[in-house]
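What follows is one structure encoded as C-alpha cells, with my remarks underneath.
The values are calculated or read from the model by the stated rules, or taken from the named source; none is laboratory data. As the structure is a prediction and not an experimental result, all values here were calculated from the model. Every residue, glycine as well, gets a Cβ built from its backbone with ideal geometry; the counts of neighbours run over all protein chains shown.
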Protein chains: 2
Amino acid sequence: MSLRHAILGLLSIQPMSGYELKKVIDESVGHFWTADQSQVYRTLSTLVDDGLASRRTVVQEDRPNLHLHSATDRGLAELDTWLASPLQTPPIREPFLARLFFADRLPADRIQKLVDTRRQEVAEQLAALEAIAVPANATEAGQVLRSATLANGIAHARAELDWLASTQRQLERITP
Amino acid sequence: MSLRHAILGLLSIQPMSGYELKKVIDESVGHFWTADQSQVYRTLSTLVDDGLASRRTVVQEDRPNLHLHSATDRGLAELDTWLASPLQTPPIREPFLARLFFADRLPADRIQKLVDTRRQEVAEQLAALEAIAVPANATEAGQVLRSATLANGIAHARAELDWLASTQRQLERITP
DNA sequence: CGCACATATGTGTATTGACATATATGTGCG
DNA sequence: CGCACATATATGTCAATACACATATGTGCG
C-alpha cells in the first residue's frame, strides 16, 4: 500500500481534508497516481489510528464540517523512511498490449481500428498533460521534481504515439 | 479481471497446463503482463467452471500428471468479444514518480542517487528486451503484432532513459 | 418546484491479487 | 546422504482496491 505514503506526502506539504485530498490527487498527481475516494478516507483513518496523521474538526456553518488532517512527526519520519527504502516495482499490466498481442484473431481493418482508437486516446492524454502549465526555469528542487513528473508523462505519451505510428505502418505493409 | 482473457488468448494459440502457462506468461508476455502462479491455477479453474476452457488429464509416469487446458468454442467467442470491447484504462500507479514528487525532502545527493538507481534499472530492463530476438521482416499479422508489443516496451524504456538524463541535468543545474 | 451539482464524510462488500504453504516425485550435484 | 531444483497442482488467507451506496446541506438553473 503506497497510497499511505502518497497521502502522507501530500499532507506534509499542506494539511488537508479527505475531500480536498481526493481533488488534489486527481488534479496534481493524477498523471502518475490515482485513488478511489472511499480508499482515501479509509487510508486517512488508518493513518490517524497509527499516529502518522492527526485529525482536527473544522466546524463550518453552511457546509458539512471538515476533518483537517496533518502529518505528525512520526508521519514525516515514516515518509522519509519510505523515500529512502528500495523501490518495489509494481506488476506490469498493459491491457492494450495484451489485446494487441492476440488481435490477429480479428480482421485486418479491425486491428487498424484498435490501433487508431488508441492513438486518439493517447493524443488526448498528451494534450491534457501539455495544457498543464509548468514554471519555465525552476530553481527550487521541489519545482524541478514536480515538473519532471509531468515531463515523464509527456515523454511516454509521445513515445507511445511514435510507436503507434510505426506499428500502423507495419500493419499497412502486410495488408496493402 | 483481464487475466481471464490473457489466459484464454494463450490457450487459443495452444493447449497448455497451468505450469506451462505460468512459464509462457513470464517469458513471452512478461513485458506487458504478469501473473501469480496461484492466480493462474485459480483462473483456469473458473474458466473450466464457466465452460470457456476444457480440462484433460494427461497421465505421466515420471512426473505429476498434467492438466492440459484448451479453449472451448465458447471460450474463443468470449475472447473475440473481449477483443472487440472498449478498452478500460487501468489505474495509473507509478511508484517511482510518486517518490520523485516528494523527494525534495531528501538532500540533493540522495535525490541524484534515486534517479541514478532508476537509470540503472531501466537500462537493465532495456537490455533484457533488446536481447529477445524478433523476426526482421514479419509477413504474418501475428508476428507483426507480437514484435510490436516488444517494440513498445523498448520504446518506453528508451523514452524513460532520455527523460532520466534530462531530469538529472536539471537537478545538476540547480545544485552546482 | 424539482434536479443536478458541489461540498463533505463515510460504510458495505465482492473481487483481485500477493504471498505463503502443502504435496508428490525425479534428477543432478557435492 | 542431503540438498537444491525442476516438474506439477492446489489451498489458505490477508491486504488493497473498485464500485455502489448512504447521509446531509447549500446553490444555481430551467
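Taking B:Gln112, is it over 17 Å from the mean Cα position of the chain (by Cα), surrounded by fewer than 14 Cβ atoms within 10 Å (Cβ to Cβ) and not in a loop (DSSP other than H, G, I, E, B)?
no
Please indicate, with yes or no, whether at least one residue in the range A:136-144 is part of a helix (DSSP H, G or I), surrounded by 14 or more Cβ atoms within 10 Å (Cβ to Cβ) and touching a residue at least 24 places away in the same chain (Cβ under 8 Å).
Looking for residues that are part of a helix (DSSP H, G or I), surrounded by 14 or more Cβ atoms within 10 Å (Cβ to Cβ) and touching a residue at least 24 places away in the same chain (Cβ under 8 Å), one finds none in the range A:136-144, hence no.
Looking at (1) more than 8 Å from DNA strand C (Cβ to nearest atom); (2) surrounded by 20 or more Cβ atoms within 10 Å (Cβ to Cβ); (3) touching a residue at least 40 places away in the same chain (Cβ under 8 Å), which one does A:Gly18 not meet, given that it meets all the others?
(1)
Filter the range B:50-70 for residues that are among the aliphatic types (A, V, I, L, M) and either within 17 Å of B:Val40 (Cβ to Cβ) or touching a strand residue (DSSP E or B) at 6+ places or on another chain (Cβ under 7 Å) (or both) and give the result.
B:Leu52, B:Ala53, B:Val58, B:Leu66, B:Leu68 - these are the residues of the range B:50-70 that are among the aliphatic types (A, V, I, L, M) and either within 17 Å of B:Val40 (Cβ to Cβ) or touching a strand residue (DSSP E or B) at 6+ places or on another chain (Cβ under 7 Å) (or both).
Quick check: is even one residue across the range B:77-84 among the polar types (S, T, N, Q) and not in a helix (DSSP H, G or I)?
Scanning the range B:77-84, I find no residue that is among the polar types (S, T, N, Q) and not in a helix (DSSP H, G or I), so the answer is no.
Give just the number: which of (1) of a type outside the set (Gly, Ala, Ser); (2) more than 7 Å from chain A (Cβ to nearest Cβ); (3) within 16 Å of DNA strand C (Cβ to nearest atom); (4) assigned to a loop (DSSP other than H, G, I, E, B) does B:Pro91 not satisfy?
(2)
Against the definition (out of contact with any Pro (no Cβ under 6 Å at 6 or more places or on another chain), modelled with pLDDT of 95 or more, in a helix (DSSP H, G or I) and within 16 Å of DNA strand C (Cβ to nearest atom)), how does A:Leu97 come out, yes or no?
For A:Leu97, the condition - out of contact with any Pro (no Cβ under 6 Å at 6 or more places or on another chain), modelled with pLDDT of 95 or more, in a helix (DSSP H, G or I) and within 16 Å of DNA strand C (Cβ to nearest atom) - is met.
B:Ala155 is checked against (1) closer than 23 Å to A:Gln88 by Cβ; (2) buried (at least 17 other Cβ atoms within 10 Å of the Cβ) and fails just one. What number does that condition carry?
(1)
Look through A:Ala71, A:Ala84 and report the one residue that is under 22 Å from B:Val115 (Cβ atoms) and more than 9 Å from DNA strand C (Cβ to nearest atom).
So the residue among A:Ala71, A:Ala84 that is under 22 Å from B:Val115 (Cβ atoms) and more than 9 Å from DNA strand C (Cβ to nearest atom) is A:Ala84.
What's the total number of residues in the range A:25-76 that are β-branched (Val, Ile, Thr) and either more than 11 Å from DNA strand D (Cβ to nearest atom) or in contact with a Pro (Cβ under 9 Å, 6 or more places away or on another chain) (or both)?
Counting residues in the range A:25-76 that are β-branched (Val, Ile, Thr) and either more than 11 Å from DNA strand D (Cβ to nearest atom) or in contact with a Pro (Cβ under 9 Å, 6 or more places away or on another chain) (or both) gives 7.
Only residues in the range B:104-116 that are more than 8 Å from chain A (Cβ to nearest Cβ) count as the first member; pair them with residues that are among the hydroxyl-bearing types (Ser, Thr, Tyr), Cβ under 8 angstrom, at least 6 apart or cross-chain, and list the lot.
Listed by first residue and then by second, the contacts come to B:Val115/B:Thr167.
If we keep just the residues of the range B:130-165 that are polar (S, T, N, Q) and within 7 Å of another protein chain (Cβ to nearest Cβ), which is farthest from A:Arg99 (Cα to Cα)?
B:Thr139
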